[in-house]
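Quick notes on the structure that follows.
The values are calculated or read from the model by the stated rules, or taken from the named source; none is laboratory data. Model, not experiment: these values are computed from the prediction. Cβ atoms come from the backbone with ideal geometry, glycine included; neighbour counts cover every protein chain shown. All accessible areas refer to the heavy atoms of the entire protein, side chains included, with ligands and DNA or RNA removed. Shrake-Rupley method; radii C 1.70, N 1.55, O 1.52, S 1.80 Å.
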Amino acid sequence: MTWILGIQGPQGCGKSTLASALVEEWGRAGVRASAVSIDDFYLTHAEQEALASHHPGNPYLLYRGYPGTHDVALGRRTIDALASLGIAESTDVPVYDKSAHRGRGDRAPASAWRGVTGPVDVLVVEGWMLGFTPVDASAEALSAPNEYLEAYRAWHERLDAFVHMHVDSLDTVVRWRVDSERARRERGEPALSDEDARDYIERFMPAYRLWIPQLRAHPPCREFTVVELAEDRSLRPRDAFQRILRSAPRQG
């Protein structure tokens, strides 16, 4: 049976890096592991435009990112397909192209999806809003995303363990994004200006303030671990990575 680990943390904190490192280390130990990002479950460009039209004037549903902008059913099917793979069986994992439509993004064609061959002993699912659930009250503009969160329980109920990557100040999250875009510009890659990067990431600050307390008070599963993030994105305590590695059940 596949053991499924969820990882949540703010944008730019290193979720994908952590997931990749875990998969690599488990592989060295003979554990067959794979990872998926909820980013790859975003709606198609056409579906996102339709969603925005359905909520005119709502800044949180205009573009991808917030609850409601994912194909939850696609995510559920993908997680289930990966968890049920037998020996030598394979499935394709969706890929989202964030560069499409001038950065607005679109789901890549099926021919570009990533193939995974089973069995999968451990599956890591990571995302900035994974584990968020509806709260009793929210600001008017956030009421629709808050309602959309109910459907995401279909993902949460499949999780066996959960890691919440906590940062003390949301200002740090903004700084990480600005620094990341600067680094891309220095490498000669397309990137946002400091102003645009700050404007983009600050759009998510209300979400953290609204749903993180709920996540910590009511985790999506019993095995819930909080790791602290230092300014340099390193994990605290120092043995946090090893603790997460050891949390997976032994195989064989």
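Relative contact order of the chain, taken over Cα pairs closer than 8 Å and 6 or more residues apart, is 27 percent. Heavy-atom accessible area, probed at 1.4 angstrom with all protein chains present, ranks Lys98, Lys15 as Lys98, Lys15, highest first.
Based on protein heavy atoms only, the chain ends up with 50 Å² per residue of surface accessible to a 1.4 Å probe. Each of Glu89 and Asp194 was given a label point 7 Å from its Cα along the Cα-to-Cβ line. The distance between the two points is 5.3 nm. Hey, any idea what % of the chain's accessible area is carbon plus sulfur with a 1.4 Å probe? With neighbouring chains kept in place, the figure for the chain is 48 percent. Given R₀ = 45 Å, FRET efficiency for Leu245-Ser53 by Cβ-Cβ distance, to 0.05? With R0 = 45 Å, the Cβ-Cβ based efficiency is 0.50.
Ellipticity at 222 nm from helices only: DSSP H runs of n ≥ 4 in the chain, each -39500 (n - 2.57), divided by the residue count, give -11500 deg cm²/dmol. Our note on the geometry: Cα centres of the stretch 100-172 and the stretch 1-70, 4 Å apart.
Compared with the alpha-carbon gap, the fully stretched path from Arg175 to Thr117 is longer by 17.0 nm at 0.36 nm per residue. Zone of Arg187 (label point 7 Å along Cα→Cβ, backbone N under 14 Å): which residues in the stretch 11-37? Label zone hits: 17. Between Arg216 and Ala108, the simple spin-label model (points 7 angstrom out along Cα→Cβ) gives 3.6 nm.
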